[in-house]
Amino acid sequence: MIVNDQMKVVSHEKIAKNIFELVLHGELVNQIKAPGQFVHVKVGTGIDPLLRRPISIAAHNQEEQSMTLIYRAEGKGTKLLSLVDIGETVDILGPLGNGFTVEEGESKTALLVGGGIGVPPLYGLSKSLIAKGWEVKHILGFQDRSVSFYKERFEELGETFIATVDGSLGTKGFVTDVIQKEAPGFDEYFSCGPTPMLKALQSRLEMKSGFISLEERMGCGIGACFACVCHKQDDPDGYSYVKVCSDGPVFPAGVVQL
Amino acid sequence: MIVNDQMKVVSHEKIAKNIFELVLHGELVNQIKAPGQFVHVKVGTGIDPLLRRPISIAAHNQEEQSMTLIYRAEGKGTKLLSLVDIGETVDILGPLGNGFTVEEGESKTALLVGGGIGVPPLYGLSKSLIAKGWEVKHILGFQDRSVSFYKERFEELGETFIATVDGSLGTKGFVTDVIQKEAPGFDEYFSCGPTPMLKALQSRLEMKSGFISLEERMGCGIGACFACVCHKQDDPDGYSYVKVCSDGPVFPAGVVQL
Amino acid sequence: MRRLEIELPGLSLKNPVMPASGCFGFGREYSQFYDLSELGAIMIKATTEEPRFGNPTPRVAETNGGMLNAIGLQNPGLKGVMDNELPWLSQFDVPIIANVAGSKMEDYVEVAKEISTASNVKALELNISCPNVKTGGIAFGTIPEVAKELTKRVKEVSEVPLYVKLSPNVSNIVEMAKAVEAGGADGLTMINTLLGMRLDIKTAKPVLANKTGGLSGPAIKPVAIRMIYEVSQAVDLPIIGMGGIQTAEDVIEYFYAGASAVAVGTANFVDPFVCQRIINELPALLDELGVDQISELIGRSWGKHESKTIYSS
Amino acid sequence: MRRLEIELPGLSLKNPVMPASGCFGFGREYSQFYDLSELGAIMIKATTEEPRFGNPTPRVAETNGGMLNAIGLQNPGLKGVMDNELPWLSQFDVPIIANVAGSKMEDYVEVAKEISTASNVKALELNISCPNVKTGGIAFGTIPEVAKELTKRVKEVSEVPLYVKLSPNVSNIVEMAKAVEAGGADGLTMINTLLGMRLDIKTAKPVLANKTGGLSGPAIKPVAIRMIYEVSQAVDLPIIGMGGIQTAEDVIEYFYAGASAVAVGTANFVDPFVCQRIINELPALLDELGVDQISELIGRSWGKHESKTIYSS
Ligand SMILES: Cc1cc2nc3c(=O)[nH]c(=O)nc-3n(C[C@H](O)[C@H](O)[C@H](O)COP(=O)(O)OP(=O)(O)OC[C@H]3O[C@@H](n4cnc5c(N)ncnc54)[C@H](O)[C@@H]3O)c2cc1C
Ligand SMILES: Cc1cc2nc3c(=O)[nH]c(=O)nc-3n(C[C@H](O)[C@H](O)[C@H](O)COP(=O)(O)OP(=O)(O)OC[C@H]3O[C@@H](n4cnc5c(N)ncnc54)[C@H](O)[C@@H]3O)c2cc1C
Ligand SMILES: Cc1cc2nc3c(=O)[nH]c(=O)nc-3n(C[C@H](O)[C@H](O)[C@H](O)COP(=O)(O)O)c2cc1C
Ligand SMILES: Cc1cc2nc3c(=O)[nH]c(=O)nc-3n(C[C@H](O)[C@H](O)[C@H](O)COP(=O)(O)O)c2cc1C
Ligand code: FES
Ligand code: FES
């Protein structure tokens, strides 16, 4: 069930340049079903900014009723969000969308590939996969070292490769360069990041099955406004479509026309 | 000189129903010339609300660089203002306009008449008058007891009569009823409050000289936009005019067409 | 609790608050949040004869106090709406206003004829004002003669009363209103979005793939209020008002201006409960204003008090 | 530091930022805050032949992301402006753009003829779009033929280049722009305010004494950008853009849309230093965008790159 909760700020820290980790407490957490779901955040109380901001659930803890969001303070809304203090509340609508399907994975290996602010949901996903018996490997791409985060946390869960565009951390280049170079073996891949990255990944890993999480500008976030619609790969000019907010944001690779 | 100062909140208290007393600290205070001047307050950082709010300087202390504003939290802007905490800053433009002229007053009596949120500037005025040798009497009108404030403070300075519309404090009725009933003797009067009150007062005290402080919707607050223009009494349909923000808000009684 | 009731051509509204077309889909998503029977009515997403995919994405962009959209009338087409959406909606005790769109007159006529036969469709809303479709669309809404002719032709075939949705992108809104009145409209809905645009600082290109889009939200409310104020005094048609409504106070302002009911669009995206909340807040606000029936407020800004009893229950 | 320079008919601007007419009076008040010579130009308050008191108060009202005004062209009249304001302004090294208004064609012609002879008036801005005066005003700005004729007659008598200020309250802004181009305009300024209204919840009456007013501020920026984008591609005239500008980023967006300079109105009321601040922030923003001259950005959204060299210095 989707709920609208005034969630309490438990902690709020800057973990890299312009990157913030926000831990929220509230009953909404009870409703979270799968890693990869997201929430819609109302920043401020008035009309500035007007619309909610979609942010992935990076991780959550059902017992403590807490969840973690990791976001980049970039535009008007996220910059304002970064000013919220511990003890204050944030207006959250969620959980939204469908997350990653985490099946039993005994003796299977998952490759998790994230780019920039696409990295956060992979953290919760990685933990879920491990809980289901998967071995996990991570490839994380960042612009440069200053905006990278959660390296150690991912390393605790499994093998972790980092790529930065300028080479200031890990391999110089993109996540696809790491795949090329390291050729990590895996059974299924799970990815979240900018569309060009997903596109490159999907075509490079064409023979593999995987899941990708998409981003699209949103209005309602719940499937009503048709803002976030994408064509399907098997009908690129037709009338069949998916909505990123309610059908996604996670789709099996190859379903959506990127 | 008018300055734009990010003033620090020294204290912020609710002193009556919806009435707040805000003490601010900053260099702007050095520029204050006379009681009755006002400041233009930017609430929030974005476009909601867009315009500044004019608020009178209730009192100020040059040595401590502090000034007091007393305001009613009523609409969007003042309600938001009431949430500002000690230690935060408020964006203030001022001091604006011309205040009350306080001349030597040895053996003279001043009658200060205020209504509602017109009461605050009279507090600083009363102190200034006393410093110049005047004896002061106050008549303060409020809707009812719950929204009344500063009674004791005014009583410390001089004789003080209160009128409330419902009689829950002081005389039942309006400030003009108090004048009628008590017929306090005085040499000059000084008044601030809603226009109907000023109008009634001015006509009742026609034979007396006095000063009144006006309210008008404002754009710029500095004389540039022609939002706050009033006709003059000696030329009610002509081209001569005063601007409340820069020529006023205080005018000698009888100058402005009310 | 009959104080919120409003009687309009074809519509017995238990309250005057309904979601605006395109901002509520066909109701399915919002039915997760509250019982749709609580609504005065529902204006469903524009329906065209054939299914439409709409414009490429990005389709929305935020602006100061508002948003731009260029959805491009995506919808499952007349058959899809008749077969799947309207029957699903019939489980709720709420009148449906079907928003009808097209690119040629014939399209409108075809859709209106068919969709007006659905048992829960109590009125049509003729969308002659969508700024986001290349053909037709905007022209129907800016040329009085064309709007009148279209109104007439649709009115001829419709089984239910016809409301025409006016575009604010015109020099003279009264002239448009009079034209559709002359064409036989039973009511007006106004306003649709203002044509606007936003450019990306980094790329210099429009944020919307469609380049321009329709501006909605609180930013446009003053324009809507002004237009309803003008039109309600010039024509005899009831008006369903919309544009930037977020609160019960906004609803009252629309009534004062001359509206007999209101629709809420963009605000649903910010608060999915907004329509329900407004409906619940209205009675207390009427008390504060010392008013018994909300219908007494229609046109109060220009002095229309008891006159329009035909619309009050 | 010549990277902000812009060359327009009659105007050699050291930078493209100027206060908009009516939002800066005749400069006296803002001269307390910074040296007016820092400005690209100054658009002074509308001048009419005779002094005008303007409309009753309240004259302004806040709206979501904007404000309404119905000042009603208050000004000291042609003689007052010629004798007191323009001479005072001549102490600053800044070109003045005189905003010319009237209720009859003859009024405009009279004012234009005279005011264009002042030595610091480098251009006229023909105000055919003020929504707040009953006679004339809006009609001049919404009927293409009338606008063209007025432009022609004023152009005949003006000693300096003529910019025409367009109203956004029209169905077809391109048609209006073409009409004034045909009338001989040297440039356009756009947009003036959108006609709007706000009602008081307690009294049910309009907040403004004049009932309706002009909507300005950030709320209207998307409408202005869209109109400039359309018009700049359709006519050969340079455009001074305005509507909701608050930041250096907004200025860049206007340039991308097709403006060659910009004016800042409402934002002066919020931050009296806004024009100075924007001018100071522009060079760093150009660096970020990797651009040397701001003139390179004119029309970049629709691909007008090096073509209009005639306006770059
Ligand atoms: C399903 C989903 C999950 C996301 N998860 C995360 C996350 O975990 N961490 C994170 O940092 N970011 C995430 N994003 C991106 C995030 O939504 C944007 O960075 C954010 O909305 C930008 O808002 P702003 O106030 O910074 O920018 P502004 O420029 O003020 O935004 C203006 C408008 O554009 C929209 N917008 C801008 N960029 C994007 C974008 N990339 N995607 C969608 N809408 C955008 C905003 O929501 C807003 O409506 C996610 C996006 C989606 C769709
Ligand atoms: C010179 C002067 C001095 C003032 N001093 C005080 C004071 O010391 N204490 C105090 O409580 N109030 C004072 N006021 C009134 C105060 O400005 C308004 O109460 C306040 O602006 C209302 O803002 P809001 O956000 O509550 O209301 P909103 O309804 O959100 O205001 C909307 C718009 O209307 C304007 N507005 C609303 N009411 C008034 C009003 N009465 N006068 C002028 N503009 C108004 C606002 O400034 C804003 O632009 C003074 C007004 C003036 C002109
Ligand atoms: C995303 C979106 C889609 C819309 N789709 C339609 C539509 O299909 N048909 C229509 O007549 N109006 C459509 N509109 C306009 C709204 O019905 C309404 O007239 C407008 O948004 C103003 O109201 P608001 O400010 O409350 O949103 C749409 C508006 C939005 C924001
Ligand atoms: C208080 C006020 C007075 C104005 N007076 C005039 C005027 O005299 N002449 C004119 O052409 N435009 C006038 N305008 C319109 C502005 O010049 C400008 O076109 C409009 O406000 C949009 O810009 P903004 O959003 O930056 O304010 C006025 C605007 C305001 C807010
Ligand atoms: S954001 Fe509205 S349908 Fe996806
Ligand atoms: S508020 Fe602008 S002139 Fe007074």
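In whole angstrom, how long is each semi-axis of the equivalent ellipsoid of the protein assembly as shown, when you take the square root of 5 times every eigenvalue of its Cα gyration tensor and sort them from largest down?
50, 36, 34
Return the long-range amide H neighbours of C:Leu208 (sequence gap of 5 or more, or a different chain), with a cut-off of under 5 Å between placed amide H atoms.
C:Arg198
Can you list the residues, at least 5 places off or on another chain, whose amide H is less than 5 Å from the amide H of A:Ser168, using H built in the peptide plane?
Sorted by chain and number, the residues that satisfy this are A:Arg145.
Just how far, in whole angstrom, is region D:144-168 from region C:197-263 if you go by their alpha carbon centroids?
32 Å
For chains C and D, what's the summed buried accessible area, probe 1.4 Å, to the nearest 100 square angstrom?
3300 Å²
What value in Å³ per residue do you get for the convex hull of the alpha-carbon atoms in chain B?
Values: hull volume 31.9 nm³, N = 258.
Considering the Cα atoms of chain B, their hull volume per residue is 124 Å³.
For region D:68-121, taking Cα atoms only, what is the radius of gyration to one decimal and the Dmax to the nearest whole Å?
In Å, with Rg to one decimal and Dmax whole: 12.0, 34.
Taking the convex hull of the Cα atoms, report for chain C its projected area averaged over all directions, in nm².
On the way: hull surface 58.6 nm².
So the Cα hull casts an average projection of 14.6 nm².
In region D:140-202, which trypsin sites (Lys or Arg not before Pro) are in a loop and have at most 10 other Cβ atoms within 10 Å, using DSSP for the loop call?
Working: sites: D:Lys148, D:Lys152, D:Arg153, D:Lys155, D:Lys165, D:Lys178, D:Arg198, D:Lys202; in loops: D:Arg198, D:Lys202.
Sparse-neighbourhood loop trypsin sites (Lys or Arg not before Pro): D:Lys202.
Could you identify which residue out of B:Gln37, B:Gln233, B:Gln143 has the top mean-square fluctuation in a GNM of chain B using Cα springs shorter than 10 Å?
It is B:Gln233.
Output the pairs from C:Lys122/C:Lys304; D:Lys14/D:Lys152; C:Lys155/C:Lys205 with a Cα-Cα distance over 31 Å in this structure; if there are none, say none.
C:Lys155/C:Lys205
For region D:145-257, just say rounded, prolate or oblate: build the C-alpha gyration tensor, square-root its eigenvalues into a ≥ b ≥ c, call rounded for a/c under 1.5, and beyond that prolate if a/b exceeds b/c, oblate if not.
Since a/c reaches 1.5 but b/c is at least a/b, the shape of region D:145-257 is classed as oblate.
Rounded to the nearest 10 Å², what accessible area does B:Trp134 show when all protein chains are kept and the probe is 1.4 Å?
10 Å²
Measuring from label point to label point, each 7 Å out along Cα→Cβ, what is the B:Lys14 to C:Val157 span in nm?
It is 6.1 nm.
From the phi of every residue in region B:78-83, what ³J(HN,Hα) in whole Hz does the Karplus formula 6.51 cos²θ - 1.76 cosθ + 1.60 yield, where θ is phi - 60° and glycine or proline is x?
5, 5, 5, 4, 5, 8
Can you list which of the trypsin sites (Lys or Arg not before Pro) found in region C:1-58 are DSSP loop residues with at most 10 other C-beta atoms within 10 Å?
Hits after loop and neighbour filter: C:Arg2.
May I ask what percent, to the nearest 5, of DSSP beta bridges between residues of the protein assembly as shown are antiparallel? It would help to have the intermediate numbers written out before the result.
On the way: 114 of 216 bridges.
Within the protein assembly as shown, antiparallel bridges account for around 55 percent of the total.
Note the distances from C:Ser119 to each other copy's matching label point, with points 7 Å along the Cα-to-beta-carbon direction, in nm, sorted shortest first.
8.7
How many percent of all Cα-Cα pairs in region A:3-96 sit more than 19 Å apart?
Numbers: 1377 of 4371 pairs.
The answer is 32 percent, as a whole percent.
Per the helix-only calculation at 222 nm, which mean residue ellipticity applies to chain B, given -39500 (n - 2.57) for every DSSP H run of n ≥ 4 and division by its residues, nearest 500 deg cm²/dmol?
-4500 deg cm²/dmol
If I model a spin label at B:Glu106 and D:Met105 as a point 7 Å from the Cα along the Cα→Cβ vector, what separation in nanometres do I get?
7.2 nm
Before rounding to the nearest 500, sum -39500 (n - 2.57) across all DSSP H runs of length at least 4 in chain C and divide by the residue total; then give [θ] at 222 nm in deg cm²/dmol. Numbers along the way, then the final one.
Working: 10 runs with 92 residues, N = 313.
Rounded to the nearest 500, the figure is -8500 deg cm²/dmol.
Suppose the Debye formula is applied to equal point scatterers at every Cα of region A:86-231; what is log10 I(q)/I(0) at q = 0.10, 0.15, 0.21 Å⁻¹?
Evaluating at q = 0.10, 0.15, 0.21 Å⁻¹ gives log10 I(q)/I(0) of -0.37, -0.81, -1.33.
Roughly how far apart, in whole Å, are the Cα centres of region A:153-172 and region B:9-37?
One Cα centre to the other: 54 Å.
Label position 7 Å from Cα toward Cβ: report the copy-to-copy distances for C:Ala209 in nm, one decimal, ordered from shortest.
5.3
For region A:216-258, I need the span (max minus min coordinate) of the C-alpha atoms along each principal axis, in Å, sorted largest to smallest.
That works out to 26, 20, 13 Å along the principal axes.
At 0.36 nm per residue, minus the direct Cα-Cα distance, what do C:Asp35 and C:Glu7 gain on full extension? Give it in nm, one decimal, please.
7.9 nm
7 Å along Cα→Cβ for the label point: how many nanometres lie between A:Gln233 and each equivalent label in the other copies, listed shortest first?
Taking the point 7 Å beyond Cα along Cα→Cβ, the inter-copy spacings are 8.4 nm.
Just how far, in whole angstrom, is region A:89-113 from region D:43-89 if you go by their alpha carbon centroids?
61 Å
So, in nm, how far is label A:Lys132 from label A:Val165 when the simple model puts each one 7 Å beyond its Cα toward the Cβ?
Computed distance between label sites A:Lys132 and A:Val165 equals 3.3 nm.
Determine the alpha carbon to alpha carbon distance for each of A:Lys8/A:Lys151; B:Lys76/D:Lys202; A:Lys199/C:Lys202; A:Lys42/C:Lys221; A:Lys76/C:Lys211 and list only those over 19 Å. Walk me through the intermediate numbers first.
On the way: A:Lys8/A:Lys151 27 Å; B:Lys76/D:Lys202 15 Å; A:Lys199/C:Lys202 22 Å; A:Lys42/C:Lys221 21 Å; A:Lys76/C:Lys211 22 Å.
Violating the 19 Å limit, Cα to Cα: A:Lys8/A:Lys151; A:Lys199/C:Lys202; A:Lys42/C:Lys221; A:Lys76/C:Lys211.
The values are calculated or read from the model by the stated rules, or taken from the named source; none is laboratory data. If you're wondering where the values come from, they're calculated on a predicted model, not measured in any experiment. When we count neighbours, we look across all protein chains shown, and the Cβ atoms used for this are built from the backbone with ideal geometry, even at glycine. Accessible surface is based on the protein model in full, side chains and every heavy atom, while ligands, DNA and RNA are left aside. Shrake-Rupley method; radii C 1.70, N 1.55, O 1.52, S 1.80 Å.
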